[in-house]
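Data block below; observations after.
The numbers here are math on the coordinates, done by the rules we state, and not lab data. Everything numeric here is computed off the predicted structure, so don't read it as measured data. Cβ placement follows ideal geometry from the backbone for every residue including glycine, while neighbour counts extend to all protein chains displayed.
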Amino acid sequence: MSVSEKEVRYVANLARLQLSEEEVKNLAGDMNKILGYMELLNELDTSQVEPLEHVIEMDSRLRKDEAKPTISHEEALKNAPDADSDYFRVPKVIE
């Protein structure tokens, strides 16, 4: 499989990119090199390789997802620079 300059122009148009003729030629060449490398990788025998989630072993660094008590409405509005009984007041942004 190879990428033609016409296909590069088509994809560039979809991405709303304006490319010069030199850039089109360079990208077509680069894309063909990438596809050639992928074809080379497809020739490798990976039947004995287990699928991996990550290349290296990783421990989860995320905290456990536990429900915690929420703050009250009054507590949330306590430090607001300007609030009425139920809401934060903010400057008007739409005229």
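To keep it simple, each residue is scored yes or no on (1) in contact with a helix residue (DSSP H, G or I) (Cβ under 8 Å, 6 or more places away or on another chain); (2) of a type outside the set (A, V, I, L, M, F, W, C); (3) surrounded by 10 or more Cβ atoms within 10 Å (Cβ to Cβ).
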| residue | (1), (2), (3) |
| --- | --- |
| Met31 | yes, no, yes |
| Tyr37 | no, yes, yes |
| Arg61 | no, yes, no |
| His73 | no, yes, yes |
| Ala76 | no, no, yes |
| Asn79 | no, yes, no |
| Phe88 | yes, no, yes |
| Glu95 | no, yes, no |
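Looking at the stretch 10-18, is at least one residue surrounded by 10 or more Cβ atoms within 10 Å (Cβ to Cβ) and either of a type in the set (Asp, Glu) or touching a residue at least 60 places away in the same chain (Cβ under 8 Å) (or both)?
No, every residue in the stretch 10-18 fails to be surrounded by 10 or more Cβ atoms within 10 Å (Cβ to Cβ) and either of a type in the set (Asp, Glu) or touching a residue at least 60 places away in the same chain (Cβ under 8 Å) (or both).
Thr70: of a type in the set (Val, Ile, Thr) and within 30 Å of Phe88 (Cα to Cα), yes or no?
yes
Would you mention how many residues in the stretch 1-21 are acidic (Asp, Glu) and more than 27 Å from Leu40 (Cβ to Cβ)?
Residues meeting the conditions: 1.
Going by the conditions given, is Asn26 in contact (Cβ under 8 Å) with a residue 12 or more places away in the chain and either surrounded by fewer than 10 Cβ atoms within 10 Å (Cβ to Cβ) or in a helix (DSSP H, G or I) (or both)?
no
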